[in-house]
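I have placed the structure first, in the form of structure tokens, so that the comments after it can refer back to it.
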Amino acid sequence: MRPEPYDTADATALRRDYYDEVASRYWRRPATAAEIDEGLAGDGVEALTPPTGRFLVGRYDGKAAACGGVLLLDAGRAELTRVYVRPAFRGSGGAGRLLAALEEAARELGARRTVLNTRLDLVEARALYTRHGYREIPAYCTGPYMEIWYGKELAGP
């Protein structure tokens, strides 16, 4: 897992795959290329660059397998976003390594706590978060696809 600009070919392909999967599940049909383009347009990913954030890409045998972002919300909190592992690489422990790398990036930004939001139907993601110490918290933001919020205190370096 390494920081990588969000607009490299690999990072862009991962972000497209992420949006395709979550949108298709939400709509209960395959998302079109135009819908994916629309969803990615103006999604705020440019904030996932220093000093406000980081975007990470994970590779397995040289292939882009996972991604995630960290966005500093305030002096003590960072939000995890776009946490995604391609289906072909799931079950290999990569999601746990991705979370650990995102938490380290949050600490490097000065955060002492990470937060995130997701949808109720993304049960695999919710299980991953709780398995790694995330607990349900009150809503810290609102939006059309935000149904449950999680937080975790970060241990020191």
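The values are calculated or read from the model by the stated rules, or taken from the named source; none is laboratory data. Here the structure is a predicted model, which is why all the values come from computation and not from measurement. All Cβ positions, glycine included, derive from the backbone under ideal geometry; neighbour counts span all protein chains shown. Note: accessible area is taken over every heavy atom of the protein model, side chains too, but ligands, DNA and RNA are not part of it. Shrake-Rupley method; radii C 1.70, N 1.55, O 1.52, S 1.80 Å.
Go over the candidates GLY42, GLY68 one by one and state the one that is small (Gly, Ala, Ser) and either part of a helix (DSSP H, G or I) or exposed (fewer than 14 other Cβ atoms within 10 Å of the Cβ) (or both).
Details: GLY68 fails: either part of a helix (DSSP H, G or I) or exposed (fewer than 14 other Cβ atoms within 10 Å of the Cβ) (or both).
Checking each option against the conditions leaves just GLY42.
Just checking, how many residues over segment 30-39 are open to solvent by 80 Å² or more (accessible area, probe 1.4 Å) and either hydrophobic (A, V, I, L, M, F, W, C) or closer than 26 Å to ALA106 by Cβ (or both)?
Selection size over segment 30-39: 0.
Per-residue answers, yes or no, for (1) over 12 Å from the mean Cα position of the chain (by Cα); (2) over 20 Å from GLU46 (Cα atoms):
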site: LYS63; (1), (2): yes, yes
site: LEU71; (1), (2): no, no
site: LEU80; (1), (2): no, no
site: VAL85; (1), (2): no, yes
site: GLY94; (1), (2): yes, yes
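Collect the residues in segment 1-29 that are open to solvent by 50 Å² or more (accessible area, probe 1.4 Å), out of contact with any Asp or Glu (no Cβ under 8 Å at 6 or more places or on another chain) and assigned to a loop (DSSP other than H, G, I, E, B), keeping them in residue-number order.
Matches in segment 1-29: MET1, PRO5, ASP7, ARG28, ARG29.
Of all residues in segment 109-121, count the ones that are touching an Asp or Glu at 6+ places or on another chain (Cβ under 9 Å) and part of a loop (DSSP other than H, G, I, E, B).
Within segment 109-121, the first condition is being touching an Asp or Glu at 6+ places or on another chain (Cβ under 9 Å), and the residues that meet it are 111-121.
Still in the list and also part of a loop (DSSP other than H, G, I, E, B): 111-112, 119-121.
The number of residues fulfilling the criteria is 5.
Considering segment 42-95 alone, what residues qualify as being over 22 Å from LEU128 (Cα atoms) and β-branched (Val, Ile, Thr)?
VAL45, THR49, THR52
This table checks each residue for (1) β-branched (Val, Ile, Thr); (2) closer than 22 Å to ARG25 by Cα.
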| residue | (1), (2) |
| --- | --- |
| LEU116 | no, yes |
| LEU128 | no, yes |
| GLY133 | no, no |
| ILE137 | yes, no |
| TYR140 | no, no |
| ILE148 | yes, yes |
| GLY151 | no, no |
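A quick yes/no check of all residues on (1) over 13 Å from the mean Cα position of the chain (by Cα); (2) assigned to a loop (DSSP other than H, G, I, E, B); (3) surrounded by 12 or more Cβ atoms within 10 Å (Cβ to Cβ):
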position	(1), (2), (3)
GLU103	no, no, yes
ALA127	yes, no, no
GLY133	yes, yes, yes
CYS141	yes, yes, no
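Between residues in segment 42-57 that are within 14 Å of LEU73 (Cβ to Cβ) and residues that are assigned to a strand (DSSP E or B) and of a type in the set (D, E, K, R), which pairs lie under 8 Å by C-beta distance while being six or more apart or on different chains?
LEU48/ARG54; LEU48/ARG82
Being of a type outside the set (Val, Ile, Thr) and in contact with a Ser or Thr (Cβ under 7 Å, 6 or more places away or on another chain) narrows it down to one of LEU80, LEU98, LEU122, so name that one.
Values: LEU98 fails: in contact with a Ser or Thr (Cβ under 7 Å, 6 or more places away or on another chain); LEU122 fails: in contact with a Ser or Thr (Cβ under 7 Å, 6 or more places away or on another chain).
Going through LEU80, LEU98, LEU122 in turn, the sole match is LEU80.
Only one of (1) over 22 Å from ALA23 (Cα atoms); (2) out of contact with any Gly (no Cβ under 7 Å at 6 or more places or on another chain); (3) in contact (Cβ under 8 Å) with a residue 40 or more places away in the chain; (4) among the charged types (D, E, K, R) is not met by ARG86, so which one is it?
Here ARG86 clears every test but (1).
Could you check how many residues of segment 50-62 are modelled with pLDDT of 95 or more and over 12 Å from MET1 (Cβ atoms)?
1
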